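Okay, so here's the structure we're looking at.
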Amino acid sequence: MKKFLLLILPTIIYVLQANAGKLTGIVTDDKGNPLPYASVFVKGTSKGTTTNNQGRYFLELDEGTHTIVCQYVGYTRQEKTIEMHQETVTLNFQMPLQRTTMKEVVVRAGVEDPAYEIIRHAIKKRKEYENPLDSFTCEAYIKTLIKTRKLPSKIFGRKMQDEDRKQMGVDSVGKGIIYLSESLTKIAFKKPDKIKLEVVSGRESGTNGFGFNFPTFINFYNNNVNIFITQINPRGFVSPIAEGALNYYRYKFLGSFIEDGKEINQIQVIPRRKYEPLFAGTINITDSDWRIHSLDLYLVRESMLEIIDTLTIKQIHVPIGPNMWRTKDQIVYFTFNKMGIDATGTFLNVYSKYDTLPQFRKKYFNNVIIKYDTAVTKKSKYYWDSLRPVPLEPEELKDYTTKDSLFKSQKDSSYSKRVIDSLRKQQGRITVLNVLWNGFQRENFDPQHPTTLIWQPLIRSMQYNTVEGLVLNAEATIERKFPESRNRLSFTPHIRYGFSNAHLNAWATVTYVKRTFDWDIDGSTASRSVWSFSGGKRVSQFNHENPISPLLNAIYTLFLRENYMKIYENYFGSVNYSNRFDNGLRINGNLLYEDRIPIENTTDFSFFGDKSKAFTPNYPYEKIGEQFTQHQALIATIELQYKPGQRYIEFPNNKISLGSKYPTLALTYQKGINNLLGSDVDFDKWKFSIWDEINFKLRGLLKYRFDIGGFLNNHIVYIQDYQHFNGNQTIFASQYLNSFQLAPYYANSTTASFYAVGHLEHHFNGMLTNKIPLFRRLNWNLVVGSNAFYVNTQNNYVEFFGGLENIFKVLRVDAVFSYLNGKTGTFGLRFGFGGLLGGFATAGNNAPRSRPN
């Protein structure tokens, strides 16, 4: 039956399309050169297509008389009337350059250019046109093409092999298509801000991927224009018709032309200053109603463009009803030339089938913003040939044919013994270098019982401290996946040996990850739960948020004779449970038992430093006068974390979060249980936290985190269970928004009934520094902020910092001034990672989290 259906499928499609004719042709300029991505559509409708890179198009039309419009920015629009029957009709367009007239306007020196008056009218109408429809639906055909023109012989130090080029689909110099996809997405909108994208079909050359399915909505009626991801420029870009656009742009009237009885004003857009997020190019504004008719705008590096070198946007707007216009075609081009990689890309969006009076079922708009059809990647070649509004170019057709054929061949044979044996062989032998320095990962490639072994390299895991001396760590993880349920089970053993104190510590963790995904009439619900069981004997820092990394502590110990890290041994057992729901709620629970054993310094060795300088004791000497006594602790922790307004992408078998415009809230309660399993502790501790970031676009990005908490009961509290404030005494920045860059590690630890903590930093993202010639050329950005905690008048701390980030795209340097307990301030520099490709610190591992297991 299946073979029979496959045989008759082309016939069925042909019959269904029998009452439609095919219109085809080529669009060129007046010299015969093809015009890529020209808009071709039926007059009075949004039904249309776009030419490909060779200027060719095709369009399926019903029988009858149709007026076909061809439009291209900078060229005179043309209309032709045709009679369609059941055969193919060829209709070519030769487009002359747009000839504008200056009417009776005379532009003279000292007199305002008439473009300014037109722009003022457009600015007044901007709000009305920003979201003119109460609701609408439409379809978007999206094609993404990325090509390389040249590739280096090495990428990140790794030599490009012939096999690498073959898999990428490029020739010997690195020229070719590296990514090609197309998709059909249904778009629904309802005021004030409800939106849903339903991805009906997606295709990605050489894979079974979904393709690039999200329409790149670029709305120039918005004051601040967002393009793709924030990394291109987190501040966004100022629209040429934004409320304050006249402060950013100069305009020049190029003339006007008549199109379909309407006068169109052509205006050149010129940035007033370099190194501002501003467009350049032309924008065409209709006369009397002052709408965007079309535009051709571009950005360059001097426009504060990040990652890519140039970006060009072309749009054509058409009427879809009385006094209603929407974008019909949008083309975005980009170029990238860095690290020897020379690449170009095109994102084509063709919008059609606008419905301005849609009817939505109840609960249609929910927290799922993007939804993939369950058969999104299962469409046939015949489906795509009948759907595609833009003809494939020869190189695109070749790319699909070659890569899809190779993918199918590999997929069909992927489970054969020969292929599995080949894949295992390609992993290579496990060498001494793998064990000591590189580490390794090995898979069994069993489709029914996929198992992975991961080994952490011994030398790179080595540590040094004054208690254990040289420390050897051995760690491996073996993970088993269950393909049908998508659950995972892993086992991770650890062995740690200190050569100075001759202590051997060994512990292990078993983790089970379970995913659930259920469907009902209103959509899907998803959750991800994790059970983790750990036990053995280990070494822990007194502050379980690990304010200093072992590597950094080793460097300071060996070269500066500063042993900041304070540790103890413990026999422990831990059960941890977490569950993440798709309503934005997350639950974490932990039950921990520790038999805590004090350990002392056993070595005085260092490479450099004043040898007469003694190392500090191995306990928080700033807070306690002597080493703690061995004791047992049974501690239960529960944390509720909630981020309201969470939005999701729903795939056929899972969901992923898109985030929310609201902050994250967390409430943590911790109980020290006395007289159970020999536990000596007795306390109750709570904490409430809120954190988020707010993008002020041109004014930068604000990040904050605030905590309040305290001890409800502090009858028996050992130093490990104090409330610690993550300090830092190294020149390397500790975790931003969760630490204090100049504070001591333990001097302010407390068991008080109340404390408050605040972290605030503002990233200007080019604001202000774009006025300083050197900084704006280097694209270094200003960051300022403050960190503080307060327990009482004798225990408080505040620091203020200002610095530069995005240095070489990854580095950040801060000058920090601090005041501890109201005393005279101290000053220090802190170096970390911050910018386009960095946003973290190096001194510790104290990211916000619950108690470790």
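The values are calculated or read from the model by the stated rules, or taken from the named source; none is laboratory data. A quick note: this is a predicted structure, and the numbers were derived from the prediction, not measured. Quick reminder, even Gly has a Cβ in these numbers, built from the backbone with ideal geometry, and neighbours come from all protein chains shown. Note: accessible area is taken over every heavy atom of the protein model, side chains too, but ligands, DNA and RNA are not part of it. Shrake-Rupley method; radii C 1.70, N 1.55, O 1.52, S 1.80 Å.
Table for the structure above
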quantity	calculated
Test: residue in the range 460-483 that is in a helix (DSSP H, G or I), surrounded by 15 or more Cβ atoms within 10 Å (Cβ to Cβ), out of contact with any Cys (no Cβ under 8 Å at 6 or more places or on another chain) and without any contact (Cβ under 8 Å) to a residue 24 or more places away in the chain	yes
Residue match in the range 233-243 (condition: in contact (Cβ under 8 Å) with a residue 12 or more places away in the chain and not in a loop (DSSP other than H, G, I, E, B))	yes
Any hit, the range 371-389, residues being assigned to a strand (DSSP E or B) and not hydroxyl-bearing (S, T, Y)	yes
Pick from the range 700-713, criterion in contact with a Lys or Arg (Cβ under 8 Å, 6 or more places away or on another chain) and not hydrophobic (A, V, I, L, M, F, W, C), ranking: nearest to H759 (Cα to Cα)	D707
Scan of the range 218-232 for residues that are modelled with pLDDT of 80 or more, part of a loop (DSSP other than H, G, I, E, B) and in contact with a strand residue (DSSP E or B) (Cβ under 9 Å, 6 or more places away or on another chain), ordered by number	I218, N219, F220, Y221, N223, N226, I227
Qualifying residue in the range 286-295 (condition: modelled with pLDDT under 90 and buried (at least 16 other Cβ atoms within 10 Å of the Cβ))	no
Of all residues making up the range 173-197, the number that are in contact with a Lys or Arg (Cβ under 7 Å, 6 or more places away or on another chain), farther than 22 Å from E650 by Cα and hydroxyl-bearing (S, T, Y)	0
Subset of the range 564-591 that is in a loop (DSSP other than H, G, I, E, B) and over 30 Å from S679 (Cβ atoms) - its residue that is modelled with the highest pLDDT	G584
In the range 673-694, the residues that are farther than 22 Å from T750 by Cβ, touching a strand residue (DSSP E or B) at 6+ places or on another chain (Cβ under 6 Å) and outside any loop (DSSP other than H, G, I, E, B)	E693, I694
Qualifying residue in the range 777-794 (condition: at pLDDT 95 or above, under 27 Å from the mean Cα position of the chain (by Cα) and charged (D, E, K, R))	no
Candidate set from the range 54-91 (those that are open to solvent by less than 70 Å² (accessible area, probe 1.4 Å) and part of a loop (DSSP other than H, G, I, E, B)); member that is farthest from I292 (Cα to Cα)	L91
Positions within the range 592-603 being over 24 Å from T511 (Cβ atoms), out of contact with any helix residue (DSSP H, G or I) (no Cβ under 9 Å at 6 or more places or on another chain) and either at pLDDT below 95 or assigned to a strand (DSSP E or B) (or both), in sequence order	I597
Residue list for the range 252-277, restricted to those being of a type outside the set (A, V, I, L, M, F, W, C), open to solvent by less than 10 Å² (accessible area, probe 1.4 Å) and more than 29 Å from the chain's Cα centre (by Cα)	G255, S256, N265
Neighbours by Cβ (under 7 Å, 6+ apart or cross-chain): first from the range 263-281, more than 18 Å from P114 (Cβ to Cβ) and without any contact (Cβ under 8 Å) to a residue 40 or more places away in the chain; second open to solvent by less than 10 Å² (accessible area, probe 1.4 Å) and of a type in the set (F, W, Y)	P271/Y249; R272/Y249
Scan of the range 150-200 for residues that are among the polar types (S, T, N, Q) and open to solvent by less than 20 Å² (accessible area, probe 1.4 Å), ordered by number	S181, S183, T185
Scope the range 403-433; condition within 31 Å of the chain's Cα centre (by Cα), surrounded by 12 or more Cβ atoms within 10 Å (Cβ to Cβ) and of a type in the set (S, T, N, Q); matching residues	Q427
So S490, is it within 27 Å of G206 (Cα to Cα) and either touching a Cys at 6+ places or on another chain (Cβ under 6 Å) or of a type in the set (G, A, S) (or both)	no
Among residues of the range 658-690, those that are touching a residue at least 40 places away in the same chain (Cβ under 8 Å) and open to solvent by 60 Å² or more (accessible area, probe 1.4 Å), counted	3
Candidate set: the range 724-735, residues that are touching a strand residue (DSSP E or B) at 6+ places or on another chain (Cβ under 7 Å) and open to solvent by less than 30 Å² (accessible area, probe 1.4 Å); chosen: the one nearest to V816 (Cα to Cα)	A733
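Per-residue answers, yes or no, for (1) over 30 Å from N674 (Cβ atoms); (2) open to solvent by less than 20 Å² (accessible area, probe 1.4 Å); (3) assigned to a loop (DSSP other than H, G, I, E, B):
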site	(1), (2), (3)
L698	yes, no, no
N714	no, no, no
A756	no, no, no
V783	yes, yes, no
